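The values are calculated or read from the model by the stated rules, or taken from the named source; none is laboratory data. Everything quoted here is computed from the prediction, not taken from an experiment. Using ideal geometry, Cβ is built from the backbone for each residue, glycine included, and neighbour counts are taken over all protein chains shown. Areas reflect the complete protein model, heavy atoms only, side chains present, ligands, DNA and RNA absent. Shrake-Rupley method; radii C 1.70, N 1.55, O 1.52, S 1.80 Å.
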Amino acid sequence: MSIFEYNGSALVAMVGKNCFAIASDRRLGVQLQTIATDFQRIFKIHDKLFLGLSGLGSDAQTLHQRLVFRHKLYQLREERDMKPETFASLVSAILYEKRFGPYFCQPVIAGLGDDDKPFICTMDSIGAKELAKDFVVAGTASESLYGACESMFKPDMEHEELFETISQALLSSVDRDCLSGWGGHVYLVTPTEVTERILKGRMD
Amino acid sequence: MECVFGMVGKGFALVVADTSAVNSILVHKSNEDKIMVLDSHKLMGASGEAGDRAQFTEYVQKNVSLYQFRNNIPLTTKAAANFMRGELATALRKNPYMVNIVLAGYDKETGPSLYFIDYIATLHKVDKAAFGYGSYFSLAMMDRHYHPDMTVDEAIKLAEQCIEEIRSRLVVAPQNFVIKIVDKDGAREHSWRRTTKD
């Protein structure tokens, strides 16, 4: 079994009209055994920037700690929050530093940039950025997620419709993947507020 | 075939571990204590490679004491768990410790807590945790009978049910088990469940 599939994960981020949504599953497993159903994969960097980390749970935790440290240092020096594009470049650089002994993670970055324009991107485990205008996916359920998102996505959705779309895409995709699922965690971010919702899905 | 498991109850946390020290087909001893008392209110049940287990648990215990000496205040359970995770993560890509840990602690402000720490340094706060082949049986038993805020008697009874299940269903089941408990009065050994005397 691949090391990326050791813990199991599913992540998706979608762009809407002046808003974005980022969602993950909640399972923490050790290969075939489920350890917990409340594992946190999406982390807030600042009010308008969220980071999701799929892949090996241990490396996700290490990477998250390193990135929060770097961002706090940036805030102290620059006296402002990092732009999502800048943060994505930072993550990419940190991952490529370990080119010949990488972190086994695939990050998904979602944020509101200048003028609250939504920004999403994903990258592979050595930092190759993939910028997208509509949606990005990561994790063991990524193939199902690509299909679900491609068919359900519409450009310029309002935040309520975006929430429905991303939730349905996530839940239907993780149902086809035994290593991810056990509920969902959705963050919906608009320029004025952040809404966090837990989805009830098939608990198997 | 090492078995460690633990659960959180009302105002306490419990850790159970087998006490066999095995080398291939030989049982060296059946009273090996695998649950280390880190400080007055923390228990660390460890399973895995024998040398790594002893070395790592002692290393953590000494560092937890050092922190208390230096700073005149004990570490919280969460802090101790994160320290362990950090040590395991740093060693992971050099010389990994093959040790799985169930950390139970009691803090005055937050009450009892239980942490699951994998040998790959995956950390998660849980209500019930188990490692080893015995986990297939003990986790299933706990999933069925565990509920939040159990009393000590209920939790001990559940632990006994898990031990019975392991004894009857695991092919090379360990002979003896030790149960340790941590609550507001501190961390201490609760009882043993023996089938052989060593």
Considering residues of region A:50-77 that are open to solvent by less than 10 Å² (accessible area, probe 1.4 Å), more than 11 Å from the chain's Cα centre (by Cα) and away from chain B (no Cβ under 12 Å) only, the residue farthest from A:Ile126 (Cα to Cα): A:His71
Does A:Tyr96 fit the bill of being of a type in the set (Phe, Trp, Tyr) and within 14 Å of another protein chain (Cβ to nearest Cβ)? no
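For region B:142-161, how many residues meet the condition of being within 14 Å of chain A (Cβ to nearest Cβ) and open to solvent by less than 70 Å² (accessible area, probe 1.4 Å)? Reasoning before the result, please.
Step one: of region B:142-161, the residues within 14 Å of chain A (Cβ to nearest Cβ) are B:142-143, B:146, B:148.
Now restrict to residues that are open to solvent by less than 70 Å² (accessible area, probe 1.4 Å): B:142, B:146.
Residues in region B:142-161 being within 14 Å of chain A (Cβ to nearest Cβ) and open to solvent by less than 70 Å² (accessible area, probe 1.4 Å): 2 in total.
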With respect to A:Thr86, determine if the residue is crowded, with 24+ Cβ neighbours inside 10 Å and at pLDDT 95 or above. no
Output the qualifying pairs, or none if there are none: Cβ atoms under 9 angstrom, residues six or more apart or on different chains, first residue in region A:67-84 and of a type in the set (D, E, K, R), second residue open to solvent by 90 Å² or more (accessible area, probe 1.4 Å). A:Asp81/A:Asp47; A:Lys83/A:Asp114
Residue satisfying all of: in region B:94-120; within 11 Å of chain A (Cβ to nearest Cβ) and touching a Pro at 6+ places or on another chain (Cβ under 9 Å); most open to solvent (accessible area, probe 1.4 Å) among these: B:Tyr119
So if I check each of B:Leu123, B:Leu92, B:Leu103, B:Leu88, which one is over 17 Å from the mean Cα position of the chain (by Cα) and closer than 23 Å to A:Asn7 by Cβ? B:Leu92
Consider region B:121-141. How many of its residues are open to solvent by less than 10 Å² (accessible area, probe 1.4 Å), more than 10 Å from every other protein chain (Cβ to nearest Cβ) and within 26 Å of B:Pro96 (Cα to Cα)? 1
Within region B:1-35, which residues are assigned to a strand (DSSP E or B), at pLDDT below 95 and not charged (D, E, K, R)? B:Ala21, B:Val22, B:Asn23, B:Leu26, B:Val27, B:His28
